[in-house]
Amino acid sequence: MTELSKPRKKRRRLKKSVRRGCLGIVLTALLFIVLSVYDCRRDTRQAGIPLVVQPDSLPDTRDSVLAQRLARVVARTPRIDSAHVGLMVYDLTHRSEIFHHHSNELMTPASCQKLLTALSAIRRLGIGHSYVSRLLVNGEESDSTLRGTLIVSMDDDPLIDSFDRFVDALWRRGIRRIEGNIVFDLARRDTLRPHPTAPSWDIPYGKLPLLMRGETYVKRQFMDALNARGIRFQRNPDIGGEWVKALSHERPAREYVLAMNVARMCSREVYSVIHPLREVLAPMLIYSSNIKAEAVYYHTDHFLDRRNDTRAGEGSAMRHFVKHEVKGIVRPDMVINDGSGLSPQNRMTADFLIKLLKYAYDDPLLRQEMMDCLLATTADEERRGTLYGRMNDECFEGRVFCKTGTLAARAVSSLAGYLLGEDGRWYAFAILNEETPIFEARDFQDAVCRSLIEQ
């Protein structure tokens, strides 16, 4: 028994040794962990970083990283002078500002000014507003002769390029001769011209729409169209009498408007052309048509003046929109000379453009109109417009809705609009470049958009 118990005692002693060794290892490991935590705690305190942070006070890490990425794009893009860059990015989904750089510096917006022109027109005229041009007859029709007055009532519609359809309608009605008077009721009586500070060659007068060329030209074109169709006109001032004299523009504006309204009600329509406002705004924004922008700028003022029988002056509708609709963003030193952005003396800020974009985004009807119809986009090849040749990488596809701007002679380029990031957030962005080669500016703008998408 004594000899057999010795191996057992040895095994017991061995087990105790193993237990002591394991316990020592565990205690050593625990001591190492405690010392490591203490060192880390001491380091964070020395660095001024709180060890425990409440969840509500934690910054959005994605926003911080995105802001740093944008700052690097501004600082490190070759041939871009950051002193001549105005940039602002706003998160429309979470309603927070992401990044800004000289966002309150007044700069030349170029054609991004058309965003203001479009939004003020939609808001002041109504989203369903249309240009309406009509041909009316008042008098007796017999034996292919109209004895009375033909009223040519033309809105300042930039989409009308000839009177052929109007005259054809007279022919189909059986009228071959007009005896009496032709009254021209034209919304626009002067020739479309850019602001005096803008280069005149930026409005190609040889390509101006028919109704943008002034009263004399319009009248001549209509009479030529009548003659070409074989319809003869013989003026007879005795037909119509005082009724026709009341339509003279020599009368006070209020009397003229009243007389014309009565004339329309007493007349019969021969033909009419109706163009929704969006059919003018779409090419104005997508293809940056300066002619259509100036036409809309004038039309908004004139329509309100005519309706209210006032003469508030050029640009009054736009100023009213900025002051009363988009409140609190007017700076006294901001300059708005025209509707197209052709004037190099126009001055806006990136912050102003962002607030315009936010204003449109917050209105469901305006947002749908801008996204679905009016802005150039990578989502539809037919709506690429001035984005042609840009943002061709797959990452941009269907994610950018924007307005471009360029004044090449002044080394000015701009880009503003909406962007959908890969994280599902919608952003508004505005980028203004001055004193920068155009292609370098566009590469910079595309790099900013890429940074917003690829997160």
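For the stretch 226-253, which positions are modelled with pLDDT under 70 and not small (Gly, Ala, Ser)?
Residues satisfying the conditions are Glu242, Trp243, Val244, Lys245, Leu247, His249, Glu250, Arg251, Pro252.
Only one residue in Arg188, Arg235, Arg229, Arg213 is in the same structural domain as Asp164 (by TED's automatic domain parsing), exposed (fewer than 13 other Cβ atoms within 10 Å of the Cβ) and within 21 Å of Ser153 (Cβ to Cβ). Which one?
Working: Arg188 fails: exposed (fewer than 13 other Cβ atoms within 10 Å of the Cβ); Arg229 fails: exposed (fewer than 13 other Cβ atoms within 10 Å of the Cβ); Arg213 fails: exposed (fewer than 13 other Cβ atoms within 10 Å of the Cβ).
That would be Arg235, the only listed residue that is in the same structural domain as Asp164 (by TED's automatic domain parsing), exposed (fewer than 13 other Cβ atoms within 10 Å of the Cβ) and within 21 Å of Ser153 (Cβ to Cβ).
Select from the stretch 120-144 the residues that are surrounded by fewer than 16 Cβ atoms within 10 Å (Cβ to Cβ) and either β-branched (Val, Ile, Thr) or over 17 Å from the mean Cα position of the chain (by Cα) (or both) and list them in ascending order.
Result: Ile127, Gly128, Val132, Glu140, Glu141, Ser142, Asp143, Ser144.
Kindly indicate whether Gln345 is touching a Ser or Thr at 6+ places or on another chain (Cβ under 9 Å) and surrounded by fewer than 17 Cβ atoms within 10 Å (Cβ to Cβ).
Values: touching a Ser or Thr at 6+ places or on another chain (Cβ under 9 Å): yes; surrounded by fewer than 17 Cβ atoms within 10 Å (Cβ to Cβ): yes.
Criteria met by Gln345.
Tell me whether the stretch 182-191 contains one or more residues that are among the aromatic types (Phe, Trp, Tyr), farther than 17 Å from Glu269 by Cβ and at pLDDT below 95.
No, because not a single residue in the stretch 182-191 is among the aromatic types (Phe, Trp, Tyr), farther than 17 Å from Glu269 by Cβ and at pLDDT below 95.
Answer yes if at least one residue in the stretch 372-395 is more than 25 Å from His195 (Cα to Cα), surrounded by fewer than 17 Cβ atoms within 10 Å (Cβ to Cβ) and in contact with a Ser or Thr (Cβ under 8 Å, 6 or more places away or on another chain), and no otherwise.
No, every residue in the stretch 372-395 fails to be more than 25 Å from His195 (Cα to Cα), surrounded by fewer than 17 Cβ atoms within 10 Å (Cβ to Cβ) and in contact with a Ser or Thr (Cβ under 8 Å, 6 or more places away or on another chain).
Consider Ala293 against the criteria (1) at pLDDT 85 or above; (2) in a loop (DSSP other than H, G, I, E, B): it satisfies all of them except one. Which criterion is unmet?
So Ala293 meets the others, but not (2).
Applying the selection to the stretch 83-112, what residues are in contact with a strand residue (DSSP E or B) (Cβ under 7 Å, 6 or more places away or on another chain) and either part of a helix (DSSP H, G or I) or not assigned by TED's automatic domain parsing to the domain that holds Asn337 (or both)?
His84, Ala110, Ser111, Cys112
The values are calculated or read from the model by the stated rules, or taken from the named source; none is laboratory data. Values in this document were obtained by computation on a predicted structure and should not be read as measured data. Cβ coordinates were reconstructed from backbone atoms using ideal geometry, including for glycine residues, and neighbour counts include every protein chain displayed.
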